[in-house]
Amino acid sequence: ELHRQHRDWSAALADYRRAQALSVEGEAADIDFYTGRMWWQAGAPERALFDLNIFIDAHPERVDARLTRARVYAELGRATAAVKDMDVVIRHQEPPIPGFYLERARLLNDDLRQPGTALRGLDEGIARLGPVVSLVQLAIEIEVATGSYEKALQRIERLPAPVKTNPGWLAKKADILKAMGDAVAAREAYALALAAIERLPPGRRSTPLVSSLERELGNALAAGRAAVEP
């Protein structure tokens with residue numbers, strides 16, 4: 001395992017094989033998983049899949065092996081198989097990890113073109129974990145991409161008050177309103193986002209990220225005014 005972590009693949013494989021040869025039956029059951037993970041990290045996903053399949057056939061409940069195989073499947077362009085493994089990972093992972101819901105949703109939305117299924121999976125994660133911002137953010141991105149602007153706005157409104165009133169989320173709301181064609185409401189939201197930045201402590205307001213957002217909001221507000229004024 002140390003050789004694998006140092007990316008010395010030949011030395012790692014030699015030790016795995018030697019350990020397998022020295023073990024009695026069942027004693028080195030994890031070696032097929034270890035070698036599969038090593039082959040994947042070494043850039044040989046097809047070879048990785050061979051060893052991972054052997055291990056998972058004998059240990060179908062192993063979350064770490066399922067997660068690795070899901071990522072191998074994704075690399076091989078087999079998104080449907082990857083999603084099935086991610087389903088098992090999510091079902092058995094304790095405590096649940098938001099990143100796994102994100103991985104599955106991206107496979108469903110980006111690779112399989114199933115935004116509705118991706119959203120249901122994200123909502124499953126939100127129901128289980130609460131309004132984790134990363135899950136809500138991806139759900140909103142999918143809603144906007146599919147033209148479901150009202151649903152995207154509803155998701156923002158369901159966020160806790162300290163979250164939905166921060167400048168970034170107010171700006172996101174304004175962008176959605178603009179995309180809907182509601183110039184007046186968008187302008188009001190941009191103004192609220194800019195006011196929220198102005199209330200920040202000087203140290204935070206001067207950070208590159210916030211300074212950039214402030215400039216963008218100022219430009220958007222100016223453009224919005226020009227659009228509605230005669």
Roughly how many Å² is the accessible area per residue of the stretch 110-226, as a whole number, for a 1.4 Å probe? 55
Segments 89-99, 137-147 sorted - mean Cβ within 10 Å per residue, highest first: 137-147, 89-99
For the stretch 115-124, just list the computed ³J(HN,Hα) in residue order, Karplus coefficients 6.51, -1.76 and 1.60, θ = phi - 60°, integers in Hz, with x standing in for Gly and Pro. x, x, 5, 4, 5, 4, x, 5, 5, 4
The stretch 47-61 to the stretch 171-224: how many Å between their Cα centroids? 50
Taking K and R as +1 and D and E as -1, what net charge do the other residues with C-beta under 13 Å from the C-beta of Gln114 add up to? +2
Once normalised by the length of the chain, the mean sequence separation of its alpha carbon contacts under 8 Å that are 6 or more apart gives a contact order in percent of 8
Positive-end residue of Ala145, Ala28, Leu112, charge dipole of the chain with Cβ unit charges: Ala145
Step through the residues of the stretch 40-57 one at a time and calculate ³J(HN,Hα) from phi using the Karplus curve (6.51 cos²θ - 1.76 cosθ + 1.60, θ = phi - 60°), rounding each to whole Hz and writing x for Gly and Pro. 5, 5, 7, x, 10, x, 5, 5, 4, 4, 4, 6, 5, 4, 4, 5, 5, 4
With a 1.4 Å probe and all protein chains left in place, how much accessible area per residue does the stretch 16-62 have, in Å²? 55
Sort the stretch 1-49 into rounded, prolate or oblate with this rule: let a ≥ b ≥ c be the square roots of the eigenvalues of the Cα gyration tensor; rounded if a/c is under 1.5, and if a/c is not under 1.5, prolate when a/b is larger than b/c, oblate otherwise. oblate
Only Lys, Arg, Asp and Glu count, each charged at its Cβ (+1, +1, -1, -1), so figure out the dipole size of the stretch 76-187 about its Cα centre, rounded to 20 debye. 160
Say we join alpha carbon atoms closer than 10 Å with springs in a Gaussian network model of the chain; which of Ala48, Ala65, Ala185 then has the biggest fluctuation? Ala185
Please give, to one decimal in nm, the separation of the simple spin-label points placed at Ala19 and Gln5, each 7 Å out from Cα toward the Cβ. 1.2
Mind pulling the angle between the C-alpha long axis of helix 167-180 and the longest principal axis of the chain? Nearest 10 degrees, somewhere in 0 to 90. 80
Run the helix sum for the chain: -39,500 (n - 2.57) per DSSP H stretch of 4+ residues, divided by residue count, reported at 222 nm to the nearest 500 deg cm²/dmol. -23500 deg cm²/dmol
DSSP loop trypsin sites (Lys or Arg not before Pro) in the stretch 142-213 with at most 16 other Cβ atoms within 10 Å of their Cβ, which ones? Arg158, Arg199
With the Cα gyration tensor of the stretch 13-85 giving a ≥ b ≥ c as the square roots of its eigenvalues, does the rule (a/c under 1.5 for rounded; else a/b larger than b/c for prolate; else oblate) give rounded, prolate or oblate? oblate
With +1 on the Cβ of every Lys and Arg and -1 on the Cβ of every Asp and Glu, the dipole magnitude of the chain about its Cα centre, in debye rounded to the nearest 20, is 680
If you line up the long axis of helix 9-22 against the longest principal axis of the chain, both from Cα atoms, how many degrees apart are they, to the nearest 10? 50
Solvent-accessible area, 1.4 Å probe, carbon plus sulfur percent, for the chain: 54
Highest-MSF residue in the chain out of Pro208, Pro45, Pro131 [GNM, Cα springs under 10 Å]: Pro208
Residue separation between Thr146 and His59 times 0.36 nm, minus their alpha-carbon distance, gives in nm 27.4 nm
The stretch 80-140, relative contact order in percent, only Cα pairs under 8 angstrom and at least six apart counted: 30
Which shape class applies to the chain: rounded if a/c is under 1.5, otherwise prolate when a/b exceeds b/c and oblate if not, where a ≥ b ≥ c are the square roots of the Cα gyration tensor eigenvalues? prolate
Hz values of 3J(HN,Hα) by residue in the stretch 136-149 - Karplus curve (6.51, -1.76, 1.60), Gly and Pro given as x: 5, 4, 5, 4, 5, 4, 5, 4, 5, 4, 9, x, 8, 5
Kindly count the pairs of lysines across the chain whose alpha carbons are less than 22 Å apart, treating pairs on different chains or eight or more residues apart as eligible. 7
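The values are calculated or read from the model by the stated rules, or taken from the named source; none is laboratory data. These figures come from a predicted structure and were not determined experimentally. Ideal geometry is used to build each Cβ from the backbone, glycine not excepted, and the neighbour counts take in all protein chains shown. Heavy atoms of the whole protein, side chains included, go into the accessibility calculation; ligands, DNA and RNA do not. Shrake-Rupley method; radii C 1.70, N 1.55, O 1.52, S 1.80 Å.
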